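I have placed the structure first, in the form of structure tokens, so that the comments after it can refer back to it.
The values are calculated or read from the model by the stated rules, or taken from the named source; none is laboratory data. Small disclaimer: the values here were computed from a predicted structure and weren't measured. Quick reminder, even Gly has a Cβ in these numbers, built from the backbone with ideal geometry, and neighbours come from all protein chains shown. Heads up: the accessible areas ignore ligands, DNA and RNA and are worked out on the full protein's heavy atoms, side chains in. Shrake-Rupley method; radii C 1.70, N 1.55, O 1.52, S 1.80 Å.
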Amino acid sequence: MSSTPRFRQGAGRLCLDFIRTLRHRGSPDAVEELPDAGALSAWVRQCGPCATGGGGDAARARDLREAVYVLITAAQAGRLPDARSIALVNQAAAHPVPVPRLTGAGRLDWRAEDPVRATLALVARDALDLATSPSLTRVRDCAGPACGALFLDDSRPGNRRWCSMGTCGNRAKKETLRGRTA
């Protein structure tokens, strides 16, 4: 098994990392990272607090992802999202979330009867919190032309441009350098 994470993280909020499972959103090169239950389970194991992922309904998770995206972008624009998006996020947020417990070895362990549903409840609750918090003003669109990712700009000056310096930022720097040497 590869030690390289399968899914991108680092957007600054769990709900924004979840939105990123549709890579290159809005471009002809869009890539669906949650095509099936196995991929959804892998995302839960990598990005959620539970060590196990279980199954899960990938189509339902994708619907939630799009509802979270609509919720966040509508809030950024100062408007309410459509009723369906609100209902989907509220329904997901109503499910039980993972519960922490201390193991006999003194480690923190997270448990949930349904780890996928519980992690998606965390995603939905995080989205509701972000959409109604002052942090919303720090949510940015990546400046990468084909990226389409949203991220929380936690830089002191608030002028971060890329979702990741390691990918989109480096690409932009290489393009700038190529333009200077051409």
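In Å², and per residue, what accessible area does the chain have when probed at 1.4 Å with the other protein chains present?
For the chain, the per-residue accessible area is 56 Å².
Leaving ligands and nucleic acids out of the surface, order Glu33, Glu113, Glu66 by accessible area at 1.4 Å, largest first.
Descending order: Glu113, Glu66, Glu33.
Using only protein heavy atoms and a 1.4 Å probe, report how much of Trp110 is accessible, in Å² to the nearest 10.
80 Å²
Just to make sure I understand: if all protein chains stay in place, what is the order of Asp114, Asp154 by accessible area at 1.4 Å, largest first?
Asp154, Asp114
Sum up the charges of everything whose Cβ sits under 13 Å from the Cβ of Arg125, counting Lys and Arg as +1 and Asp and Glu as -1, but leave Arg125 out.
Net of charged neighbours comes to 0.
Helix by helix through the chain, keep the DSSP H runs that span 20 Å or more along the axis on Cα and average at least -0.5 on Kyte-Doolittle, and give those back in order.
Long hydrophobic helices here: 58-76, 115-131.
Just add up the charged neighbours of Ala112: K/R +1, D/E -1, any other residue whose Cβ is under 15 Å from the Cβ of Ala112.
Counting the neighbours of Ala112, the net charge comes to +2.
If amide hydrogens are placed 1.01 Å from N in the peptide plane, which non-local residues have theirs closer than 5 Å to the one on Arg13?
Sorted by chain and number, the residues that satisfy this are Leu152.
If R0 is 30 Å, what FRET efficiency do you get for Leu80 and Glu113 from their C-beta distance, rounded to 0.05?
Calculated value: 0.35.
Quick one: pull the percent of accessible area on the chain belonging to carbon and sulfur, 1.4 Å probe, ligands and nucleic acids left out.
53 percent
With θ set to phi - 60°, apply the Karplus curve 6.51 cos²θ - 1.76 cosθ + 1.60 along the range 139-155 and write out the HN-Hα couplings as whole Hz, x wherever there is a Gly or Pro.
Taking θ as phi minus 60°, the curve returns 7, 10, 8, 4, 6, x, x, 10, 6, x, 7, 9, 8, 8, 7, 9, 6 Hz for the range 139-155.
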